[in-house]
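This report refers to the structure that appears directly beneath it.
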Amino acid sequence: MEDTILVTGGAGFIGSAVVRHLVRDGASRVVNVDALTYAGDLATVAEAAGSPLYAFEHVDIRDAREVRRLFQTHRPRAVLHLAAESHVDRSIDGPARFIETNVLGTFNLLEAAREHVRALAPADRDRFRFLHVSTDEVYGSLGETGLFNEHARYAPSSPYAASKAAADHLALAWHRTYGLPVLLTHSTNNYGPYQFPEKFIPHLTLCALEGRPLPVYGDGGNVRDWLHVEDHVRALLLVLERGEPGEAYGIGGRAERRNLDVVHAICDVLDELRPRADGASHRGRIAFVPDRPGHDRRYAMDPSRIERELGWKPEWSFEVGLRATIAWYLENEPWWRRIRSGAYRGERLGVLR
């Protein structure tokens, strides 16, 4: 069997980082599977597109027939499943798409993978892996102390988190019932280049650049653990190659910050790199707005297992990573201007009416 890796959601933020890394590495053929919904953008994989190791399939994972065709055509050695609807606020406005993509889409992939594995030679069957990429949000909200680990109780708060929790349970059930060699990962909040502007760090950065108010939900005291996307990619590939089927691995950046502190840090970097014309600090545009319904107070993931068993550790400090990320948005204004003029204009989402 040719060493082919199927990456679902490969035109999204994390998926495109995986695709770029794999193509640069040159050890595997990479098939990027993406429906190119509002957050999918082939510009994110432009550097990989000319490689003979790269192929693109415009497929929606909700389409079971097309998903089966992918496996029959490309006969992958592994699947990295990142395709998902992922924005909490959008899940509040329209939960149906999250159930269809994150639950039914995952089911379609698991069934197609099960059929694919049954037809493989024994040696190829032993090598096959299915990595389901999930989130720490399936565990709900932490108190002021402690960390989630791989044995934490599921307690999703949002439609997004509930859809990912359901997909997790399906993936593990396909391992336990059918023997499909499934691995799970749960990561904390990612940030870095090419992140769609609806997410926290790019949204606040671009609001500042556009001279808009910088919206902070509630009192700004919600805490998140931040993980640079390149650190996340390294972790995913380690789990794919060396993880134990049937097991889950938590991936955290050990970089907890209050949302308000992150906004302050964004403003401070912009005060240096792109100061306001009037000489005032970008902090002056911070505006507290009504909180998101069901907003979890704190997430943080204990990465001890992946550190201990697979030798992974985050390489990016939050301060260095944030500065590099903001600089990337400053240097790539045509990319985000195109998005802000069409697919997402910075409007508030997830407000109950």
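The values are calculated or read from the model by the stated rules, or taken from the named source; none is laboratory data. Being a predicted model, the structure only gives us computed values, none of them experimental. Counting neighbours? That spans all protein chains shown, and the Cβs are built from the backbone with ideal geometry, glycine included.
Restrict the check to the range 166-173 and report whether at least one residue is in a loop (DSSP other than H, G, I, E, B), touching a strand residue (DSSP E or B) at 6+ places or on another chain (Cβ under 8 Å) and in contact (Cβ under 8 Å) with a residue 12 or more places away in the chain. Write out each step before concluding.
Quick first cut of the range 166-173, residues in a loop (DSSP other than H, G, I, E, B) only: none.
Checking the range 166-173: not a single residue is in a loop (DSSP other than H, G, I, E, B), touching a strand residue (DSSP E or B) at 6+ places or on another chain (Cβ under 8 Å) and in contact (Cβ under 8 Å) with a residue 12 or more places away in the chain.
Find the residue count for the range 174-232, including only residues that are of a type outside the set (Phe, Trp, Tyr) and not in a helix (DSSP H, G or I).
Quick first cut of the range 174-232, residues of a type outside the set (Phe, Trp, Tyr) only: 175-177, 179-190, 192-193, 195, 197-199, 201-216, 218-225, 227-232.
Imposing the further condition that a residue be not in a helix (DSSP H, G or I) reduces the set to 179-190, 192-193, 195, 197-199, 210-216, 218-225, 227-228.
Final tally of qualifying residues: 35.
Yes or no, residue by residue, for (1) buried (at least 24 other Cβ atoms within 10 Å of the Cβ); (2) of a type in the set (Phe, Trp, Tyr); (3) in contact with an Asp or Glu (Cβ under 6 Å, 6 or more places away or on another chain); (4) modelled with pLDDT under 95:
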site	(1), (2), (3), (4)
76	yes, no, no, no
80	yes, no, no, no
83	yes, no, no, no
86	yes, no, no, yes
93	no, no, no, yes
97	no, no, yes, no
106	yes, no, no, no
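Need the failing condition index for residue 197 against (1) surrounded by 21 or more Cβ atoms within 10 Å (Cβ to Cβ); (2) of a type outside the set (Phe, Trp, Tyr); (3) closer than 20 Å to residue 251 by Cβ; (4) at pLDDT below 95, just the number.
(3)
Looking at 84, 49, 78, 35, which is the one that is without any contact (Cβ under 8 Å) to a residue 24 or more places away in the chain and in contact with a strand residue (DSSP E or B) (Cβ under 9 Å, 6 or more places away or on another chain)? It would help to see each step written out before you state the result.
On the way: 84 fails: without any contact (Cβ under 8 Å) to a residue 24 or more places away in the chain; 78 fails: without any contact (Cβ under 8 Å) to a residue 24 or more places away in the chain; 35 fails: without any contact (Cβ under 8 Å) to a residue 24 or more places away in the chain.
Result: 49 is the single residue among 84, 49, 78, 35 that is without any contact (Cβ under 8 Å) to a residue 24 or more places away in the chain and in contact with a strand residue (DSSP E or B) (Cβ under 9 Å, 6 or more places away or on another chain).
Just checking, which of 17, 27, 39, 11 is modelled with pLDDT under 95 and surrounded by 21 or more Cβ atoms within 10 Å (Cβ to Cβ)? Step through it out loud before you land on a result.
On the way: 17 fails: modelled with pLDDT under 95; 27 fails: surrounded by 21 or more Cβ atoms within 10 Å (Cβ to Cβ); 11 fails: modelled with pLDDT under 95.
Unique residue meeting the criteria: 39.
Farther than 19 Å from residue 189 by Cβ, assigned to a helix (DSSP H, G or I) and either modelled with pLDDT of 95 or more or aromatic (Phe, Trp, Tyr) (or both): is that true of residue 328 in this structure? Spell out how you get there, then give the answer.
Working: farther than 19 Å from residue 189 by Cβ: no; assigned to a helix (DSSP H, G or I): yes; either modelled with pLDDT of 95 or more or aromatic (Phe, Trp, Tyr) (or both): yes.
Against the criterion (farther than 19 Å from residue 189 by Cβ, assigned to a helix (DSSP H, G or I) and either modelled with pLDDT of 95 or more or aromatic (Phe, Trp, Tyr) (or both)), residue 328 does not qualify.
Could you please find all residues in the range 107-120 being in contact (Cβ under 8 Å) with a residue 40 or more places away in the chain and closer than 15 Å to residue 78 by Cα? Talk me through it step by step, then tell me what you get.
Filtering the range 107-120 down to residues in contact (Cβ under 8 Å) with a residue 40 or more places away in the chain leaves 107-117, 120.
Answer for the range 107-120, where residues must be in contact (Cβ under 8 Å) with a residue 40 or more places away in the chain and closer than 15 Å to residue 78 by Cα: 109, 110, 111, 112, 113, 114, 115, 116, 117, 120.
Does the range 187-210 contain at least one residue that is aliphatic (A, V, I, L, M) and closer than 30 Å to residue 119 by Cβ?
Initially, the range 187-210 is screened for residues aliphatic (A, V, I, L, M), giving 201, 204, 206, 208-209.
Now narrow it down to the ones that are closer than 30 Å to residue 119 by Cβ: none.
Checked the range 187-210: no residue is aliphatic (A, V, I, L, M) and closer than 30 Å to residue 119 by Cβ.
Out of the range 296-316, which residues are in a loop (DSSP other than H, G, I, E, B) and either surrounded by 15 or more Cβ atoms within 10 Å (Cβ to Cβ) or aliphatic (A, V, I, L, M) (or both)?
Kept after step one, since they are in a loop (DSSP other than H, G, I, E, B), are these residues of the range 296-316: 296-297, 299-300, 302-303, 311-316.
Selection gives 296, 299, 300, 302, 303, 312, 314, 316.
I'm checking my understanding of the structure. Among residues of the range 124-157 that are of a type in the set (Phe, Trp, Tyr) and surrounded by 16 or more Cβ atoms within 10 Å (Cβ to Cβ), which one is farthest from residue 10 (Cα to Cα)? Spell out the reasoning first.
Here is the first cut: in the range 124-157, the ones of a type in the set (Phe, Trp, Tyr) are 128, 130, 139, 148, 154.
Okay, now just the ones that are also surrounded by 16 or more Cβ atoms within 10 Å (Cβ to Cβ), so 128, 130, 139, 148.
On the way: 128: 19, 130: 15, 139: 25, 148: 27 Å.
Within the range 124-157, the match that is farthest from residue 10 (Cα to Cα) is 148.
Out of everything in the range 222-257 that is of a type in the set (Asp, Glu) and farther than 25 Å from residue 26 by Cα, what residue ends up being surrounded by the most Cβ atoms within 10 Å (Cβ to Cβ)?
The first filter runs over the range 222-257 and keeps only residues of a type in the set (Asp, Glu), leaving 225, 230-231, 241, 244, 247, 256.
With the extra rule that they be farther than 25 Å from residue 26 by Cα, the set shrinks to 225, 247, 256.
Details: 225: 25, 247: 16, 256: 18.
The extreme case among them is 225.
Scan 333, 319 and give me the residue that is surrounded by fewer than 17 Cβ atoms within 10 Å (Cβ to Cβ) and farther than 19 Å from residue 209 by Cβ. Reasoning before the result, please.
Details: 333 fails: farther than 19 Å from residue 209 by Cβ.
Being surrounded by fewer than 17 Cβ atoms within 10 Å (Cβ to Cβ) and farther than 19 Å from residue 209 by Cβ holds for just one of 333, 319, which is 319.
Inspect the range 258-277 for any residue being surrounded by fewer than 19 Cβ atoms within 10 Å (Cβ to Cβ), in a strand (DSSP E or B) and basic (Lys, Arg) and give the result as yes or no.
Yes, the range 258-277 contains at least one residue that is surrounded by fewer than 19 Cβ atoms within 10 Å (Cβ to Cβ), in a strand (DSSP E or B) and basic (Lys, Arg).
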